[in-house]
Protein chains: 2
Amino acid sequence: MQSFTEENYLKAIYHLTEQPDQYVQTNAIAERLQTKAASVTDMMKKLADKGLIDYVRYTGAKLTETGYQTAVGIVRKHRLWEVFLVETLNFKWDEVHDVAEELEHINSVLLIERLDEFLGFPRTDPHGDPIPDKHGKFEKRSFIKLSKLTAGSSGTVTGVSEHSTPFLKHLEKLGLTLGARIEVSEVSEFDGSVELVLNNKNINISRDVAKHILINT
Amino acid sequence: MQSFTEENYLKAIYHLTEQPDQYVQTNAIAERLQTKAASVTDMMKKLADKGLIDYVRYTGAKLTETGYQTAVGIVRKHRLWEVFLVETLNFKWDEVHDVAEELEHINSVLLIERLDEFLGFPRTDPHGDPIPDKHGKFEKRSFIKLSKLTAGSSGTVTGVSEHSTPFLKHLEKLGLTLGARIEVSEVSEFDGSVELVLNNKNINISRDVAKHILINT
DNA sequence: AGAATTTTTTAGATTTACCTAAAAAATTTA
DNA sequence: TAAATTTTTTAGGTAAATCTAAAAAATTCT
């Protein structure tokens, strides 16, 4: 059993891992957790001692199999709670993140299995992220960032890579919610902003917004 | 905003308070929280500084209005979560306590209001305890401990004052669940054990068990 | 390759919530 | 009421998670 803090570090490493054998850097973890590099170093030693990460000085940290399973377990809990909040308690998709950050640390296997069952074993959360099953298994979605699409290409919004309230409220206002069909009409050479067609209307979004919208083509 | 630990101290004082103006003793708090008196003294100073309790050295602690509201808020959350676990996720009444102890510290007004609404504004939890409304108001139930009943008196089981799994499983096995009609046939002069009639059957329970069963006559 | 920069670690403090042991106050007993 | 007992507090210390400042290693630049 780990403390909330340890769990948050494991989750941070999990989310920062982009390649299978990558060592995540101390600074990257520090930035994600809004803490200082020195604090991260301390925790890396602790997690390494517990066998949850491989840690190499001046290189970074990588989850061990145990650490990975722990991290995925937390992600599973987070996403199931998000589904619960939206589906059962009528939260909006921009209201769930902070509460789920707390709920994900509740420790009860029975609770999560029953919740999963109650929700009908959902495969994705309100932001389109896949939910690991009880064995930690789940398929990676295939998607492309909207910012990578070129003029003329089209697709469906299947996810977002930023879960903050302001960002999601912005998308909501534009009508860019999960399942929306879009077609890119133009990408600005100047600032990378994207013009697209949604429900027969033209809308314009900044590159920063486009980067966090995940598209299924 | 308080830490989990501070919240647990406030809740302990709340539960240990039997009379309106009573100062709860340091040792009593220590025993309830499975900690040492010295640790309690430290925390009493801290809570007093925060204006959550009145603390008098060598006398004890009493919740201030703010402290009381905080404590009742936690009790409300605890009991609503217990209802959720039993009603929605099909937990048994002996399985909910520990999980609810964790869930009660989740901080979200919206969450609790929506949960309350989803559950249909329940008035009591699975152990018969009343659930405070969002303003912290609730009626005290009137009940008498089964151990205080005399031979010949009868009533209905309306609550329990002990929430541990072994105790509740024991009651379950005997059929002494909420709503059960009982009649006391004999109280032992020797050890205070109670013989009673439940569903036309005679059962015998120890005084220790009887003390934790709450009866409505 | 050597200098400059960035990243990371170490050293030493701080805060929170604990602890033990001893002292002090309150209560009970004789 | 004085002695014995119980309760509570104080003093001093520990572990977890954090911090700042300075040192060390790695990387980038010229």
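The values are calculated or read from the model by the stated rules, or taken from the named source; none is laboratory data. Computed from a prediction, not measured in an experiment: that's the story for all the values here. Backbone-built Cβ (ideal geometry, glycine too); neighbour counts: all protein chains shown. Note: areas computed on protein heavy atoms with side chains; ligands, DNA, RNA excluded. Shrake-Rupley method; radii C 1.70, N 1.55, O 1.52, S 1.80 Å.
Gyration tensor over the Cα atoms of the protein assembly as shown: the corresponding equivalent ellipsoid has semi-axes (square roots of 5 times the eigenvalues, largest first) of 51, 26, 21 Å. Under Stokes-Einstein, with the Kirkwood radius over Cα pairs as Rh, the value for region A:26-134 at 4 °C and 1.567 mPa s is 84 µm²/s. Of all accessible surface on region A:4-63 at a 1.4 Å probe, what whole percent is carbon and sulfur? Answer for region A:4-63: carbon and sulfur cover 44 percent of the accessible area. Over all other residues within a Cβ to Cβ distance under 10 Å of residue B:108, the charged ones net out to -2, with Lys and Arg as +1 and Asp and Glu as -1.
How much of the pair distance distribution for region B:4-63 lies past 18 Å, counting alpha-carbon pairs only, in percent? Roughly 18 percent, once rounded to a whole number. Rounded to the nearest 20 debye, the dipole magnitude of region B:144-216 is 220 debye, with +1 charges on Lys and Arg beta carbons, -1 on Asp and Glu beta carbons, and the Cα centre as origin. Hydrodynamic analysis of region B:115-217 uses the Kirkwood radius over alpha carbon pairs. Inserted into Stokes-Einstein at 25 °C and 0.890 mPa s, it gives a translational diffusion coefficient of 170 µm²/s.
So how far, in whole Å, is the C-alpha centre of region A:81-118 from the one of region B:3-34? If we compute the Cα centre of each part, the gap is 31 Å.
Label point of residue A:201 (7 Å along Cα→beta-carbon): distances to the other copies' equivalent points are 6.7 nm, sorted ascending.
Other residues within the sphere of radius under 14 Å centred on the Cβ of residue B:192, judged by their own Cβ, net out at -1 (K and R +1, D and E -1).
Taking amide H as placed 1.01 Å from N in the peptide plane, the amide H of residue B:215 sits under 5 Å from that of B:144, B:145, B:146, B:158, each at least 5 places away or on another chain. Since only B:161, B:184, B:151 are under comparison, the one whose Cα sits farthest along the positive direction of the charge dipole of region B:144-216, derived from C-beta charges on Lys, Arg, Asp and Glu, is B:161.
Roughly how big is the B-A contact, given as buried accessible area in Å² (both sides, 1.4 Å probe, nearest 100)?
1700
Contact-buried residues of region A:105-120, at a threshold of 40 Å² lost accessible area versus the chain by itself: A:106, A:110, A:111, A:114, A:118 (1.4 Å probe; DNA, RNA and ligands ignored).
When peptides B:34-47, A:3-16 are ranked by their average number of other Cβ atoms within 10 Å per residue, the highest-first order is A:3-16, B:34-47.
The base-10 log of I(q)/I(0) for chain A, evaluated at q = 0.15 Å⁻¹, reads -1.05 [Debye formula, identical scatterers on Cα atoms, solvent excluded]. Of interest is the spacing of the C-alpha centroids, which for region B:129-155 and region A:142-162 amounts to 60 Å. Computed from phi, the 3J(HN,Hα) profile of region A:157-174 under the Karplus parametrisation 6.51, -1.76, 1.60 (θ = phi - 60°) reads 5, 10, x, 9, 10, 9, 10, 6, 4, x, 4, 5, 4, 4, 4, 3, 4, 6 Hz, with x in place of Gly and Pro. Per residue, the protein assembly as shown exposes an accessible area of 53 Å² to a 1.4 Å probe, with every protein chain left in place. Toward the positive end of the charge dipole of region B:1-118, with +1 on the Cβ of Lys and Arg and -1 on the Cβ of Asp and Glu, the farthest Cα among B:84, B:97, B:51 is that of B:51. Neighbours of residue A:30 by Cβ distance under 12 Å: Lys/Arg scored +1, Asp/Glu scored -1, total 0. For region A:138-217, applying the loop criterion from DSSP together with a ceiling of 10 other beta carbons within 10 Å to the GluC sites (Glu not before Pro) yields A:139, A:189.
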